[in-house]
Amino acid sequence: MNIIAPSLLSADFLNLESDIRMVNRSDADWLHLDIMDGVFVPNISFGFPILQSIKDKCEKPMDVHLMIVEPDKFINEFAKFGASIINVHYEACTHLHRTIQKIKATGAKAAVTLNPHTPVSLLEDIIDDLDMVLLMSVNPGYGGQAFIPNTLKKTQVLKELILKKNANTIIEIDGGVNLETGKKLKECGADALVAGNFVFKSKDPIETIKQLKAL
């Protein structure tokens with residue numbers, strides 16, 4: 001499996017419709033949307049009005065990554081605004097199982113994100129309930145950061161846990177993804193790659209997505 005999800009956080013927000021149409025034309029599988037509240041992470045991105053506009057233009061499934069405190073409050077709204085996958089942080093959920101069940105009740109796929117310092121072992125009792133786990137390969141909050149090499153080992157450990165539990169969970173990686181790191185991540189068991197600056201800042205984003213897809 002090789003899912004490519006360009007991250008809209010790196011798009012040109014003055015030409016957002018143009019960038020979304022580019023993703024629509026490309027080999028990308030999903031559109032990755034980082035929702036930041038300035039509390040859980042030290043940055044603010046965009047909210048429901050932008051999401052509503054994107055929903056009307058985007059032809060790809062929307063992979064919504066909630067980098068926010070108390071995500072439970074907004075799960076129904078994100079589903080309403082077109083999220084195909086709703087991704088919450090382990091670190092932000094006191095009652096993770098309840099949160100996952102709430103996501104599934106909306107009809108969206110349920111995913112959990114781990115920050116770089118959070119061990120995979122903490123998911124052992126819930127991995128069967130997850131459609132996807134997103135491993136952050138940078139500290140969340142900003143695009144364009146350098147890839148954290150330990151993510152390769154962490155991906156292998158997560159893959160081993162999924163196989164051990166005979167789960168159908170897929171592995172997504174976000175942060176510092178390019179052709180070099182993407183190839184290594186695929187070899188370690190990653191199924192989905194999020195790419196922001198590497199796609200949107202390239203001279204030919206459609207070709208860049210095609211190259212990532214071919215890894």
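The values are calculated or read from the model by the stated rules, or taken from the named source; none is laboratory data. No experiment lies behind these values; they were computed from the predicted model shown. FYI the Cβ positions are ideal-geometry reconstructions off the backbone, even for glycines, and counts take in every protein chain you see.
Could you please let me know if ILE85 is outside any loop (DSSP other than H, G, I, E, B) and closer than 21 Å to THR169 by Cα? Yes, satisfied. Every listed requirement among (1) in a helix (DSSP H, G or I); (2) out of contact with any helix residue (DSSP H, G or I) (no Cβ under 7 Å at 6 or more places or on another chain); (3) of a type in the set (D, E, K, R); (4) farther than 19 Å from SER7 by Cα is met by LYS184 save one, (2).
The rows are residues; the columns are (1) loosely packed, with under 15 Cβ neighbours inside 10 Å; (2) of a type in the set (Ser, Thr, Tyr); (3) not in a helix (DSSP H, G or I).
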position	(1), (2), (3)
ALA146	yes, no, yes
LEU152	no, no, no
ASN166	yes, no, yes
GLU180	yes, no, no
GLU207	yes, no, no
GLN211	no, no, no
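Please specify each residue of the range 80-89 satisfying the condition of being out of contact with any Lys or Arg (no Cβ under 8 Å at 6 or more places or on another chain) and either crowded, with 18+ Cβ neighbours inside 10 Å or within 17 Å of TRP30 (Cα to Cα) (or both). Give the steps one after another, and end with the answer.
Residues of the range 80-89 out of contact with any Lys or Arg (no Cβ under 8 Å at 6 or more places or on another chain): 80, 83, 87-89.
The answer is ALA83, ASN87, VAL88, HIS89.
Looking only at residues of the range 67-85 that are in contact with an Asp or Glu (Cβ under 9 Å, 6 or more places away or on another chain) and of a type in the set (A, V, I, L, M, F, W, C), we find that the one that is modelled with the highest pLDDT is ILE85.
Under the condition of being in a helix (DSSP H, G or I) and touching a helix residue (DSSP H, G or I) at 6+ places or on another chain (Cβ under 7 Å), which residue from the range 98-122 is surrounded by the most Cβ atoms within 10 Å (Cβ to Cβ)?
Residues of the range 98-122 that are in a helix (DSSP H, G or I), as a first pass: 98-105, 120-122.
Now drop any that are not touching a helix residue (DSSP H, G or I) at 6+ places or on another chain (Cβ under 7 Å), which leaves 99-100, 102-103, 120, 122.
Values: THR99: 22, ILE100: 21, LYS102: 19, ILE103: 28, VAL120: 20, LEU122: 13.
Ranking the candidates gives ILE103 first.
You will find that of ASP29, ASP72, ASP63, ASP34, the residue that is of a type in the set (D, E, K, R), assigned to a loop (DSSP other than H, G, I, E, B) and either under 19 Å from LEU114 (Cα atoms) or in contact with a Pro (Cβ under 8 Å, 6 or more places away or on another chain) (or both) is ASP29 and no other.
Limited to the range 1-11, what total is found for residues that are over 16 Å from LYS55 (Cβ atoms) and assigned to a helix (DSSP H, G or I)? Counting residues in the range 1-11 that are over 16 Å from LYS55 (Cβ atoms) and assigned to a helix (DSSP H, G or I) gives 2. One residue stands out among those in the range 54-70 that are over 22 Å from ASP27 (Cβ atoms) and touching a residue at least 24 places away in the same chain (Cβ under 8 Å): the one that is surrounded by the fewest Cβ atoms within 10 Å (Cβ to Cβ), which is VAL69.
Regarding LYS73, is this residue touching a Leu at 6+ places or on another chain (Cβ under 7 Å) and surrounded by fewer than 21 Cβ atoms within 10 Å (Cβ to Cβ)? The answer is no for LYS73.
Kindly indicate which of THR155, THR169, THR118 is over 30 Å from ASN24 (Cβ atoms) and not acidic (Asp, Glu). It would help to see each step written out before you state the result.
Working: THR155 fails: over 30 Å from ASN24 (Cβ atoms); THR169 fails: over 30 Å from ASN24 (Cβ atoms).
Exactly one residue qualifies, and that residue is THR118.
Taken over the range 183-205, the criterion of being within 30 Å of ILE126 (Cβ to Cβ) and either surrounded by 23 or more Cβ atoms within 10 Å (Cβ to Cβ) or modelled with pLDDT under 95 (or both) is satisfied by LEU185, ALA190, ALA192, LEU193, VAL194, ALA195, GLY196.
Pick from LEU14, LEU51: which is buried (at least 16 other Cβ atoms within 10 Å of the Cβ), at pLDDT below 95 and in a helix (DSSP H, G or I)?
Working: LEU14 fails: buried (at least 16 other Cβ atoms within 10 Å of the Cβ).
From the options LEU14, LEU51, the qualifying one is LEU51.
When the test is whether a residue is over 28 Å from SER45 (Cα atoms), in contact with an Asp or Glu (Cβ under 9 Å, 6 or more places away or on another chain) and part of a helix (DSSP H, G or I), LEU161 passes it.
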